[in-house]
Amino acid sequence: MAAQRLMKDGLNTASAQRIAQAINQVYPEFNVEQFIAQIDSGLAALELKQRVNHFIAVLAKHLPQDFIACHKILTQLKPHWDHGDPDDALRSFAAWPVTDFVAKYGLDFPELAFDCLHYLTSLFSAEFAIRPLIEKYPDLSAKYLRQWVTDDDYHVRRLASEGTRPRLPWGIRLQRFCQDPSPNLWLLEQLKDDDSEYVRRSVANHLNDIAKDNPDIVIDMCKRWQQDASTKTQWVIKHACRSLIKSGNPEVFPLLGFTEFPNVILEKFSLINTELTLGDVLSFSVQLTSSSNSSQKLAIDFVIYHMKANGKLSAKVFKLKEITLNSKESISLTKHHTIKAITTRKYYSGAHKIAIQVNGREEVIKDFKLTVPD
């Protein structure tokens, strides 16, 4: 069985060969053999982002020091670019150091840098490379981004959304947009109904980012979009609201078709055991009865309030069931949830709580005690 490839393997000797051969076609002075040898030196010990930076450093030794000359070279690469093995999921990674080279060495030449990224983004999304430019040149970047949302190339249109995401994974966090995302809302407005799912998914992810700092802005925007939403925009709304759903924000549930003010009676909520040790199973059951004269679409969740180091409780929402409950109908639910050690949470001994939540609204709550062995 072949060994599983790691993401860092997307930048390897073969990637260096592809980069060198493409550049050599438009810049014959580029020493292919020497470039590959310098890339190979120490490469095996490096992780992914370290490899990106290593490739950039070696590129800087072989490309002209003048970025104007680099711009001329980089914007002629695509006809000579070897796209790699179609079956290789990491084949586009070879272009990552090329786009990030622009971010590092083109920062003082913003017009040329934006032109490079516009050209190169179809090889490997320039979503990381564009962020230093956005930070340093907010007005100029806004000018280009507003042009790019109507570009013929869907890669460029996506870059207008993905490159401006406030909390892009692996990217520089754009704190200005975390605090005030309004400069980006017009861009998302233009792209929400884009023909490309690749672009629309970026819009949804961008809105999901915004929701972590400014949930009201996302809810208001999605409410407005929903009034005459196409199937494409409805998809964006659903995926944009996933963190709001997960956190149990009650205002977002009607956007996804759940009953806005559910009329239900929760009864017979019981815990099998109210004293647990880390690793035990928290088991509970609850009965819901509709008190409405019409059917109701319900998202039923449970919320565990975990004890923190400072003695305060922190809520974590877990999905339980989505149902349509008919008038006067009842349903009984049982759940077994193991409270076990995980890398993303540290548990503390003490009083905890569990609640049942219907369409984001907490209905009933119980106490339990957790003991974490020393």
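So for segment 200-316, what are the equivalent ellipsoid semi-axes in whole Å, largest first, each being the square root of 5 times an eigenvalue of the Cα gyration tensor?
Values: eigenvalues 196, 94, 25 Å².
Taking √(5λ) for each Cα gyration eigenvalue gives 31, 22, 11 Å.
If the segment from LYS232 to ASP66 were pulled out straight at 0.36 nm per residue, it would be longer than the present Cα-Cα gap by 55.3 nm. For helix 197-213, report the angle its Cα long axis makes with the longest principal axis of the Cα atoms of the chain; keep it between 0 and 90° and round to the nearest 10°. Orientation of helix 197-213: about 60 degrees from the principal axis. Our estimate of slack between GLU33 and VAL281, defined as 0.36 nm per intervening residue step minus the Cα-Cα distance, is 83.3 nm. Magnitude of the charge dipole for segment 1-140, about its Cα centre and with charges confined to Cβ atoms of Lys, Arg (+1) and Asp, Glu (-1), is about 180 debye. Annotation: lysines with alpha-carbon distance below 18 angstrom to LYS61 (same-chain offsets under eight excluded): LYS72, LYS104. Using 7 Å Cα-to-Cβ label points, what is the GLN21/PHE261 separation (nm, one decimal)? Label at GLN21, label at PHE261, 6.8 nm between them. Using every pair of distinct Cα positions in segment 1-96, the Kirkwood expression returns a hydrodynamic radius of 13.9 angstrom. The helix-only estimate of mean residue ellipticity at 222 nm for the chain, built from DSSP H runs of length n ≥ 4 each weighted as -39500 (n - 2.57), is -12000 deg cm²/dmol after division by the residue total. Computed from the coordinates I sent, Rg and Dmax of the Cα atoms in Å equals one of (1) 28.9, 97; (2) 23.2, 71; (3) 25.9, 80. Tell me the label. Comparing each candidate, only (3) matches the computed number. The spacing between segment 281-304 and segment 180-237, judged by their C-alpha centroids, is 30 Å. Within the accessible area of segment 145-288, the carbon and sulfur atoms contribute 45%, probe 1.4 Å, all protein chains present. Working ranking of peptides 190-200, 110-120 by packing, defined as the average number of other Cβ atoms within 10 Å per residue, highest first, is 110-120, 190-200.
For segment 10-86, calculate the relative contact order in percent as a whole number, restricting contacts to Cα pairs under 8 Å that are 6 or more residues apart.
Once normalised by length, the contact order is 40 percent.
Think of the chain as a dipole: +1 on every Lys or Arg Cβ, -1 on every Asp or Glu Cβ, centred on the Cα centre; then among GLN296, ILE23, PRO79, GLN296 lies furthest on the positive end.
Rounded to the nearest 20, the Cβ-based charge dipole of the chain about its Cα centre (Lys and Arg +1, Asp and Glu -1) stands at 1220 debye.
For a quick protection proxy, order the peptides 164-174, 24-34 by their average other-Cβ count within 10 Å, most packed first.
164-174, 24-34
Of the DSSP beta bridges with both residues in the chain, give the percent that are antiparallel, rounding to the nearest 5. It would help to have the intermediate numbers written out before the result.
Numbers: 43 of 46 bridges.
Just about 95 percent of them are antiparallel.
I need the calculated FRET efficiency for the pair SER294 and TRP170, taking r as the beta carbon distance and R₀ as 56 Å, to the nearest 0.05. Working shown, then result.
Numbers: r = 47 Å, r/R0 = 0.84.
Efficiency, from the Cβ-Cβ distance: 0.75.
Once the chain from LYS316 to ILE217 is taken as fully extended at 0.36 nm per residue, the excess over their C-alpha distance is 33.4 nm. Per-residue Karplus couplings for segment 111-125, computed as 6.51 cos²θ - 1.76 cosθ + 1.60 with θ equal to phi - 60°, are listed in order as 4, 5, 5, 4, 5, 4, 5, 4, 6, 8, 4, 6, 7, 7, 3 Hz, Gly and Pro entered as x.
Contact order, relative form, for the chain: 10 percent (alpha carbon pairs under 8 Å, 6 or more residues apart, mean separation divided by residue count).
Please state the relative contact order of segment 119-261 as a whole percent: Cα pairs under 8 Å, 6+ residues apart? Walk me through the numbers before you get to the answer.
Working: 170 pairs, mean separation 26.9, N = 143.
Relative contact order, segment 119-261: 19 percent.
The values are calculated or read from the model by the stated rules, or taken from the named source; none is laboratory data. If you're wondering where the values come from, they're calculated on a predicted model, not measured in any experiment. Please note: Cβ atoms are built from the backbone with ideal geometry, for glycine as well, and neighbour counts cover all protein chains shown. Side chains are part of the model used for accessible areas, which takes the heavy atoms of the whole protein and leaves out ligands, DNA and RNA. Shrake-Rupley method; radii C 1.70, N 1.55, O 1.52, S 1.80 Å.
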